Every structure is written in structure tokens, then in C-alpha cells.
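For reference, the structure is listed below as C-alpha cells.
The values are calculated or read from the model by the stated rules, or taken from the named source; none is laboratory data. Note that the coordinates shown come from a computational prediction; the quantities given were computed from them, not determined experimentally. Here the Cβ is made from the backbone with ideal geometry for all residues, glycine too, and neighbour counts use every protein chain on show.
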Amino acid sequence: MKMSALIVSLAAALVLAGCATSPTGRKQLMMVSDQQMNQLGVQAFNEMGRKGKFANAPRQRAYATCVAKALIAVLPPKWRSQNWQVQIIDEDSANAFALPGGRIGVNKGMFKIATTQDQLATVLGHELAHVVARHGAERMSDNMAVQGAVLAGTLYGASRGNDAGRTMAALGLGAEVGILLPFSRTQESEADILGQRYMAQAGFDPRAAVTLWQKMGKQGGKVPAFLSTHPAPSQRAGKLAQQAQQLMPVYKQARASGHAPKCRM
């Protein structure tokens, strides 16, 4: 295919792609449907089960389910009505995830860091926010668009006598650092905002988000901020502290209206 024809085809695909708006008002490129994402989420979760990744930890699972249910109760109706399932993942790292299709996983190691229900609500609220904001579909859509652009750039470079392999590698790295990773940091910050809002609405203390990320900042394995898909923990804690003060009236009103979780392990 000639370069001009490829560019026209790529442009047509992007025009036909759906545009969406996140819960914070940010424009998103959407080339994957919610139904497709739900299927992928459930398949990925079931595959983890088949591989024996789920731990036999009834106390931790009941505790995480209690926190998750309180948060799910305040999500928008579309996600609130899903059949959510929670499993404990047999991993010692401090991590958790929520998948489209109503699946939540919490690593055993997460309980060593998130030592209160409010801190665990910080983690699960953040992960649920990724699902509500359709970040998974957005990331897939961005990848599809970037791959098309990299292919077009590579063919153009080859037509000008450049080494195709080197051109592909350079364009791929530029796309990752300049587009995908910064955009992913935007998604992470958005999930922080939404997740802290959900936890306050559910009756969890939003100030716990600050404590949790201060703890996370003391963990090892740090990478340079410009190459990280997560904002620096210190920056994260500072922004969450500001928002926590704004959310205190929401938290107090939630407690007064009966949203007062009592999750224990």
C-alpha cells in the first residue's frame, strides 16, 4: 500500500472511532466496546483461576468483599448493577486490580500496606475508578491508533531510504514515552480523583488516601517519574491531601445518612 493510501486509511479509522467523555470531562478515544472489554475482563480473570492464582483466604476475601460492596453501592448505576466478584491473589506484592465485567483481585501483600478498611478502600476505589472511566478500553484504543501511526511512519522512512528496523524502534520508543506513558499517568491521576470521591461517598475516610500513598512511597522499586505510569507518590499524596479536605463534608454526610462500613478481617 502506498504511503498516501495508508495515511488515508488510518485517518478514516480514527474518524470512525467512537469519542467518549470520562467522568471528569476529559475527551477519550474509544475503538473498543464495553461488551468486548467485559468479555476480555472475565476471560482474563477466569484464566487466573485456572492457573491457580487465587488464594484460599476466606477471611481476607470476606474483608475485601465488604469494602468492595460498600464502594460499588455508590458507583453509577451501570456499574453498580454488575455481578461483581472478589478474589485474593496469591502474590506477596502490594497490588490490586478491577477488571471490566465485574471482577476484582487483591494481592495478599496488599493487606500488609493497607492496614485499615479506609486504606483498602483507597486502593479498591482507585481500581474501580479505572473501570468506570473505561481506562482499559481507552488504552487499547490509544495503542491501536499509535500502532497505525508507527507503521505509517516506518513505511515513509523506508521510502526515503532509512533503515526500517531502526525507524520502527525509534518511533516506537517515541510513541511510548511521548504518548502512551504520559497519557497513562493522566488516567492514574483521574482514578485517584474518582476513587477518593467514591470512598468518601461510601463512608470511608478520604484522608486515608494520603496515608496509604505515603506508605507506598516508602516501598522499593522506584522508576524515574517521566517513565512511570503512576504519578510520584509524593505528588500523589499532596494532591490527595488537598482533595480530602474538600471531601470531608461528603464523608460526614455519608456517615450521617447510614453509609458507615464496618469491615473487619
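Below are the figures for this structure:
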item: Evaluation of Glu47 against (1) surrounded by fewer than 11 Cβ atoms within 10 Å (Cβ to Cβ); (2) farther than 19 Å from Ala96 by Cβ (one fails), failing number; result: (2)
item: Search result, residues across the range 114-146 that are of a type in the set (Val, Ile, Thr) and either within 16 Å of the chain's Cα centre (by Cα) or at pLDDT below 95 (or both); result: Thr122, Val123, Val131, Val132, Val146
item: Positions within the range 217-245 being farther than 19 Å from His135 by Cβ, hydrophobic (A, V, I, L, M, F, W, C) and modelled with pLDDT of 70 or more, in sequence order; result: Ala232, Ala237, Ala241, Ala244
item: Residues that are surrounded by fewer than 17 Cβ atoms within 10 Å (Cβ to Cβ) and either in a loop (DSSP other than H, G, I, E, B) or aromatic (Phe, Trp, Tyr) (or both), drawn from the range 24-40; result: Thr24, Gly25, Arg26, Ser33
item: Filter result (under 16 Å from the mean Cα position of the chain (by Cα) and closer than 19 Å to Leu120 by Cβ) within the range 80-105; result: Ala94, Asn95, Ala96, Phe97, Ala98, Leu99, Gly102, Arg103, Ile104, Gly105
item: Within the range 10-23, considering residues that are surrounded by 14 or more Cβ atoms within 10 Å (Cβ to Cβ) and modelled with pLDDT of 75 or more, the one farthest from Val132 (Cα to Cα); result: Ala20
item: Qualifying strands (runs of 3 or more DSSP E) (wholly inside the range 50-116; at least 1 residues being in contact (Cβ under 8 Å) with a residue 60 or more places away in the chain and of a type outside the set (D, E, K, R)); result: 103-107
item: Residue check, Phe54 modelled with pLDDT of 75 or more, touching a Lys or Arg at 6+ places or on another chain (Cβ under 8 Å), surrounded by 15 or more Cβ atoms within 10 Å (Cβ to Cβ) and of a type in the set (Phe, Trp, Tyr); result: no
item: Meets criteria (at pLDDT 85 or above and in a helix (DSSP H, G or I)) for Val210; result: yes
item: Residue match in the range 69-77 (condition: closer than 16 Å to Met265 by Cα, out of contact with any helix residue (DSSP H, G or I) (no Cβ under 6 Å at 6 or more places or on another chain), of a type in the set (Gly, Ala, Ser) and modelled with pLDDT of 95 or more); result: yes
item: Qualifying residues in the range 177-193 (those that are aliphatic (A, V, I, L, M) and modelled with pLDDT under 85) - the one nearest to Leu240 (Cα to Cα); result: Leu181
